[in-house]
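Heads up: the structure comes next, in structure tokens.
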Amino acid sequence: MAAEAKKVWMDGKLVDGADAKVHVLSHTLHYGVGVFEGIRCYDTPRGPAIFRLEEHVARLLASARVYRMPSPYSHEQICRAIVDTQAANGITPSYIRPILYRGEPALGVKNQKGKVSLAVAAIPAKKYLGESSDSGVRAKISPFRKFHSDSIPSFAKTCGNYINSYLAGIDAAEDGYEEAILLDHNGFLAEGTGENLFLVRDGVLYTPGPESDILLGITRASVIEIANDLGLKVVEKLLTVNELLVAEEAFFSGTYAEIAPIREVGHYPIGTGKPGRLTRDIQDVFYKLVRGEEPRYAKWLHPVTTTAAPVARTARRAGTA
Ligand code: PMP
């Protein structure tokens, strides 16, 4: 990532990507206790705009609270740091990655004394699932279950959570699939490695709810709102593999994946085996709105302005956000 990131924001300073380093004995590296976000910035007729910036920063701070990582920066300061990083790199569309971490040498799993730092990087955005995200993704049901929230809270977006996604993801890739679908502890559908899941049946949208130990995706919430605005019914419930196999349509939602139709699960085609009509309708609205072409959703776009704020100087006074 650093190779592609020209400038990385680290505790108030914009440093060259090659110099964006942390200590090898850092607590986050060893124990996975760090929290992060993935955010996209799109080109719009009014200039670059960050999609749902405030919601991402709110989730970052909520994740930090779960892990008792007092953020030295307020919500507003983190938003500013993200905007400044985007402006300094000047790449759109981009994928922005803020992370709160303990980067100083601090071994010992219960060590909470290490300084909490914020870094923000912005790299050129790619299509996560390649061309397939348009024509439809082939996914498999993973032999790895989604971790239970009784062990690790799934609502927090924590570095260590992704060893679960990693195992499921590489297993799917080794079997020739583009993505994995993880089941929850009880065998109900949970989500992809980095995406939420939707099904369509009889014109109704279904998606697993919080009880399936998912991450409450910001794209998921956006899809639900778009679907409601299109007059579609959306039901959150426990969903079985059975229901996925007979679905007329299915798709993933996520910041990196955006809205990616699923055309096959295992060797079973979903619906006609091609992206379905309602998936396309939702994709149409989504791709228009992120490019600033749907005034109704302008509230979700945060313009990137280039005035640098003195985040570094005020940082230490912010206290816990
Ligand atoms: N589930 C998991 C496990 C994820 O990592 C992500 C990506 N953040 C999502 C769902 C989708 O969330 P969002 O729409 O907020 O990117």
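Read the figures in this text as sums done on the coordinates, not as results from a lab. Treat the numbers as computed from the prediction; the structure is a model and nothing was measured. Please note: Cβ atoms are built from the backbone with ideal geometry, for glycine as well, and neighbour counts cover all protein chains shown.
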> Which net charge results for the neighbourhood of Ser151, defined as the other residues with beta-carbon distances under 14 angstrom from its beta-carbon, given Lys and Arg at +1 and Asp and Glu at -1?
Replying inline: -1
> Expressed as an acute angle from 0 to 90° and rounded to the nearest 10, what is the orientation of the C-alpha long axis of helix 218-229 relative to the principal long axis of the chain?
Replying inline: 50 degrees
>> Using only the alpha-carbon atoms, what does the range 57-110 span along each of its principal axes? Please give whole angstrom values in decreasing order.
In response: 40, 22, 16
>> I need the phi-derived Karplus couplings for the range 275-285: 6.51 cos²θ - 1.76 cosθ + 1.60, θ = phi - 60°, integer Hz, Gly and Pro marked x.
In response: x, x, 5, 5, 4, 5, 4, 5, 4, 4, 5
>> Can you list residues from other chains, or at least 5 along the same chain, whose modelled amide H is less than 5 Å from the amide H of Ala190?
In response: Leu182, Leu183, Asp184
> In deg cm²/dmol and to the nearest 500, what is the mean residue ellipticity at 222 nm of the chain if only DSSP H runs of at least 4 residues count, each as -39500 (n - 2.57), divided by the residue total?
Replying inline: -7500 deg cm²/dmol
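So what's Rg/Rh here for the range 117-178, counting alpha carbon atoms and using the Kirkwood radius for Rh?
Values: Rg = 14.6 Å, Rh = 14.1 Å.
Result for the range 117-178 is an Rg/Rh of 1.04.
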>> Quick one: 3J(HN,Hα) in Hz for the range 15-22, Karplus 6.51/-1.76/1.60 with θ = phi - 60°, rounded, Gly and Pro as x.
In response: 10, 5, x, 5, 9, 7, 10, 10
> Mind checking the log10 I(q)/I(0) for the range 7-126 at q = 0.17 Å⁻¹? Debye, one equal scatterer per Cα, no solvent, two decimals.
Replying inline: -0.82
>> Between helix 162-174 and the chain, what is the angle of the helix's C-alpha long axis to the longest principal axis, kept within 0 to 90° and rounded to the nearest 10?
In response: 50 degrees
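Highest first, please rank the peptides 33-42, 65-74 by the mean number of other Cβ atoms sitting within 10 Å of their residues.
The densest-packed peptide leads the list: 33-42, 65-74.
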>> Show me the trypsin sites (Lys or Arg not before Pro) within the range 211-284 that DSSP assigns to loop and that have at most 11 other Cβ atoms within 10 Å of their Cβ.
In response: Lys233
> Of the peptides 20-26, 80-86, how do they stack up when ordered by the mean number of other Cβ atoms within 10 Å, highest first?
Replying inline: 80-86, 20-26
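With both bridge residues required to lie in the chain, what share of the DSSP beta bridges run antiparallel, to the nearest 5%?
Antiparallel: roughly 85 percent of the beta bridges in the chain.
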>> Taking 8 Å as the Cα distance limit and 6 or more residues as the minimum spacing, I'd like the relative contact order of the chain as a percentage.
In response: 23 percent
> Among residues other than Ser26 whose Cβ falls under 14 Å from its Cβ, what is the net charge (Lys/Arg +1, Asp/Glu -1)?
Replying inline: +2
>> Just to check I understand the Karplus step: with θ = phi - 60° and J = 6.51 cos²θ - 1.76 cosθ + 1.60, what whole-Hz values come out for the range 108-121, glycine and proline as x?
In response: x, 4, 8, 5, 10, 7, x, 5, 8, 10, 10, 10, 9, 10
> What does the chain give for Rg and for Dmax, in Å, if only its C-alpha atoms count?
Replying inline: 19.6, 57
> For the range 133-291, what are the per-bin percents of Cα-Cα distances with bins 5 Å wide, up to the bin holding the maximum?
Replying inline: 2, 10, 20, 24, 22, 14, 7, 1, 0
